[in-house]
Amino acid sequence: MQKLLNMLGLCARAGRLTTGEKACLDKIRSGGAYVALLDGASAKNAVKSITDACTYHEVPLIRTPEYALGDAIGKPGRMACVVTDEGFAKSIIKIYQSI
């Protein structure tokens, strides 16, 4: 999981990440999201809304351990993010599948 979080941090530094529940939902609905990530400590309503949007728009969803997501991207407390670059998304999915 650490390798995935490191790749996510790189993605954030490259500016290819959207964070925050509302912004993530907007990206998913507009078709600009290639993979979504949810922190294990996310609120039930946030989990449901992001999960439903990902299912409907066929965006892969990855759950991370509690509070790991915000620490990995340098924004503690963030519970949701989407990757907006196809190359980074493919790398993240590949790493996740190898775990």
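The values are calculated or read from the model by the stated rules, or taken from the named source; none is laboratory data. Note that the coordinates shown come from a computational prediction; the quantities given were computed from them, not determined experimentally. Ideal geometry is used to build each Cβ from the backbone, glycine not excepted, and the neighbour counts take in all protein chains shown.
Of note:
- Within segment 1-60, tally of residues that are in contact with a strand residue (DSSP E or B) (Cβ under 8 Å, 6 or more places away or on another chain) and among the basic types (Lys, Arg): 2
- Residues in segment 41-99 that are free of Cβ contacts under 8 Å to residues at least 40 places away in the same chain and in a strand (DSSP E or B): Leu61, Arg63.
- Against the list (1) surrounded by 14 or more Cβ atoms within 10 Å (Cβ to Cβ); (2) of a type outside the set (Lys, Arg); (3) under 22 Å from Ile95 (Cβ atoms), the condition Ser49 fails is (3).
- Scanning segment 23-40 for any residue that is surrounded by 14 or more Cβ atoms within 10 Å (Cβ to Cβ), more than 13 Å from the chain's Cα centre (by Cα) and either small (Gly, Ala, Ser) or not in a loop (DSSP other than H, G, I, E, B) (or both) turns up at least one such residue.
- The numbered conditions (1) at pLDDT below 95; (2) of a type outside the set (Phe, Trp, Tyr); (3) buried (at least 19 other Cβ atoms within 10 Å of the Cβ) are all true for Val59 except (1).
- When restricted to residues that are surrounded by fewer than 18 Cβ atoms within 10 Å (Cβ to Cβ) and within 16 Å of Met79 (Cα to Cα), segment 1-17 contains 1.
- Filter pass, Glu66 being at positive phi, surrounded by fewer than 15 Cβ atoms within 10 Å (Cβ to Cβ), of a type outside the set (A, V, I, L, M, F, W, C) and out of contact with any helix residue (DSSP H, G or I) (no Cβ under 7 Å at 6 or more places or on another chain): no
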